[in-house]
Each structure stands twice: as structure tokens, then as C-alpha cells.
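Colleague: The structure that follows is given in the form of C-alpha cells.
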């Protein structure tokens with residue numbers, strides 16, 4: 001979806017002006033995302049809308065559009081920049097194509113061992129400094145929201161990296177994820193999230209990677225025979241807002257919205273693991289997908305194939321950033 005320069009300027013002006021409205025009219029924030037309402041992100045977005053209304057005394061109305069109702073993956077970032085929507089929560093892989101390649105560090109396989117390691121980065125100075133790099137793009141980063149750790153699913157069993165050779169796997173648009181799949185001998189296929197179910201169902205792709213909550217709520221388990229709990233990568237989101245719109249808000253409103261966002265972030269990150277555990281149980285109970293937990297030796301085989309992607313992608317993502325994450329989390333790739 002392309003927008004003429006004239007419309008871009010007009011939309012940005014409207015985005016800034018819309019923050020200053022008549023006293024009897026609420027400020028409307030259109031919050032668009034691409035996943036289901038019953039995912040961790042969906043629930044957190046709905047909670048933010050509720051708290052924003054409560055804390056501002058209904059001076060702000062957040063309209064949440066889930067499941068790609070307004071825009072698909074490839075369209076939503078440009079829609080935010082022109083002011084067609086005011087808020088998004090895209091996955092962190094979306095910012096590499098925007099030119100902020102630091103975010104692709106979050107795509108590096110096995111760079112985070114667990115949520116504690118992850119939050120050391122997202123809730124610390126490293127995470128804040130990465131969000132600040134969005135501002136020259138006309139975007140303000142408000143928070144990181146967890147989804148969970150990804151595993152591979154496919155229409156065939158996966159026990160070793162060799163099982164993925166020559167198979168087509170859907171990924172988000174990310175050079176790191178491309179390198180990840182190629183390191184396993186798989187064929188990466190960039191595709192919008194809203195198109196994945198049909199592609200899996202029709203065999204356009206052989207498999208994909210997701211946290212269990214995304215797999216379950218999108219019913220991918222109905223068209224995938226096998227899920228292997230590699231937990232090789234992190235999937236999270238950055239909640240972002242149009243910069244001109246945000247800076248045009250009255251200070252008190254912005255402060256109240258920041259409070260609502262802090263509360264929504266706490267909720268999102270609290271329920272992420274719980275929702276994924278429940279989704280995994282739901283996948284197992286369905287009987288439609290076999291769940292395989294790799295042995296320590298099998299998981300090590302995936303790590304030995306995938307951790308070298310860190311060094312391969314260092315010129316793109318930033319060698320210093322990767323080293324800073326290693327230092328913050330205590331990860332030692334040479335110890336594998």
C-alpha cells in the first residue's frame with residue numbers, strides 16, 4: 001500500500017491536530033494489530049483501551065482493531081507513519097525493514113535463555129536505547145510486550161536440523177530469520193501472518209515458527225501434524241505511536257496514557273507464559289498435532305547450527321549491541 005507524498009503530509013498534520021479536539025469530543029486512538037483478541041497481545045491491547053478511558057475520564061477513546069481488520073503486516077507501519085492509525089504493536093522483526101536494524105537482535109536464535117534474560121534487556125537501558133532509535137522515523141516506542149518463545153511446527157516430524165533441509169518455512173520479513181532458516185538448510189518464505197493458516201493448509205509452505213498461543217488461536221495446529229518444542233527464538237512486540245500525534249497530546253493526557261501503558265505492559269508480560277502454557281495444553285488436547293520435546297542432545301544440535309547466526313548477522317545488527325546483550329544476560333556462545 002503506497003501513499004502519495006501529499007497525502008503523507010496531510011495525514012501527519014491531521015494526526016497532530018487530532019490531539020487537540022473540542023472539550024466534548026474524546027481523543028480517538030486507533031490501535032491496530034494483526035493477532036487474535038484472545039492472545040496475550042490482544043488482551044493487553046483491550047486492557048490498555050479500558051484503562052486509558054478510566055484514567056483520562058473518557059477523554060480518550062482507544063479503538064482496538066484486531067486480526068488485521070485494518071491493515072496486514074506489510075501495510076500497518078506505513079499506515080502509522082502517515083497517521084491513518086495512531087498506535088500499533090508490531091513484532092520486533094518489523095523494524096529491520098524500516099531501517100532500525102538493532103531490533104533484529106531480538107530475532108537471533110537462542111540469544112535469550114529465559115524470560116529473566118529477556119527482561120534484563122527489554123526493561124533495561126539496552127531496550128530503551130533501541131526504542132529511541134525509532135524517533136527519527138516519526139515513531140515513539142512506548143513499551144515491549146512479550147508473546148513467548150517460538151518453536152517449529154510442520155507437516156512432518158522434526159527431531160534434528162537435518163529434518164528441515166529443503167523444506168519451506170514461513171517467516172516474518174527479517175534478514176536474521178532468513179539466515180536462521182538457511183543455517184538449518186530450510187527455505188525461508190516471507191509471508192503476512194494473516195495468510196499463514198491457508199498457506200499451511202494448502203501446502204504452499206511446509207511449516208512455520210510460533211509461540212504456542214499464536215499457533216493455537218490461529219488454529220494452525222489443525223493444519224500441522226507436528227510441533228517440536230525447540231523454543232529457539234523470542235517473539236515480542238514494541239508498542240509504538242505516531243510521534244506527531246503523541247507529542248500533540250496535552251501533558252496530563254500523555255501522562256495518564258503512559259500509566260495505562262505501564263499497567264498493560266505488566267499484564268501482557270505476566271500472562272504471556274501462562275497463555276502459552278494453556279495454548280500448548282489446548283494443542284495437545286486437540287489430538288491433531290503431535291508435540292515433541294527434544295532431548296538435551298537434540299536441542300544442542302539445533303543450538304550448534306543456529307548460534308553461529310549471531311556472528312553472521314553482527315555486521316547488520318551491530319556487533320557491540322550483541323556483545324552488550326551477552327554481557328547483560330551472561331550468555332557465552334563459546335561454552336556450547
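What follows draws every value from the coordinates through simple rules; no lab data is involved. Quantities reported herein were computed from a predicted structural model and do not represent experimental measurements. Every residue, glycine among them, receives a Cβ derived from its backbone with ideal geometry; neighbour counts consider all protein chains shown.
Colleague: Suppose each label sits 7 Å from its Cα in the direction of the beta carbon; what would the residue 198-residue 28 distance come out to in nanometres?
Modeller: 2.9 nm
Colleague: Here is a follow-up. If you bin the C-alpha pair distances of segment 264-331 every 10 Å from 0, what whole percents do you get?
Modeller: Bin by bin from 0 Å, the calculated values are 16, 23, 36, 24, 2.
Colleague: Fewest to most neighbouring Cβ within 10 Å: what's the order for 201, 252, 107?
Modeller: Fewest-to-most ranking of 201, 252, 107: 252, 201, 107.
Colleague: Express the C-alpha Rg of segment 70-206 as a ratio against the empirical globular expectation 2.2 N^0.38 Å, rounded to two decimals.
Modeller: 1.14
Colleague: I need the shape label for segment 194-267. Rule: rounded when a/c is under 1.5, else prolate if a/b > b/c, else oblate, with a, b, c from the alpha carbon gyration tensor.
Modeller: Judged from the Cα gyration tensor, segment 194-267 comes out prolate (a/c at least 1.5, a/b above b/c).
Colleague: Continuing with this model, one more query. For the chain, with a Gaussian network of springs between Cα atoms less than 10 Å apart, report the residue from 194, 153, 286 with the top mean-square fluctuation.
Modeller: 286
Colleague: Determine the calculated [θ] at 222 nm for the chain from helices alone, applying -39500 (n - 2.57) to every DSSP H run no shorter than 4 residues and normalising by the residue count; nearest 500 deg cm²/dmol.
Modeller: That calculation yields -13500 deg cm²/dmol at 222 nm.
Colleague: Ranking 275, 195 by Cβ neighbours within 10 Å, fewest first, what do you get?
Modeller: In increasing order of surrounding Cβ atoms, one gets 195, 275.
Colleague: At each listed q (0.10, 0.16 Å⁻¹), what is the log10 of I(q)/I(0) that the Debye formula gives for segment 223-310 modelled as equal alpha-carbon point scatterers?
Modeller: So the normalised log intensities work out to -0.50, -0.86.
Colleague: FRET efficiency for residue 225 and residue 61, Cβ-Cβ distance as r, R0 = 56 Å, nearest 0.05?
Modeller: For residue 225 and residue 61, the calculated efficiency is 0.80.
Colleague: Next question. Grab the beta carbon distance between residue 290 and residue 251, set R0 = 56 Å, and tell me the FRET efficiency rounded to 0.05.
Modeller: Once the sixth-power term is evaluated, E becomes 0.55.
Colleague: Specify the residue with the greatest mean-square fluctuation among 303, 273, 219, computed from a Gaussian network of the chain linking alpha-carbon atoms under 10 Å apart.
Modeller: Between 303, 273, 219, it is 219 that shows the largest mean-square fluctuation.
Colleague: Then there's this: P(r) tail for segment 49-147, what percent of Cα pairs lie past 15 Å?
Modeller: Pairs farther apart than 15 Å: 68 percent.
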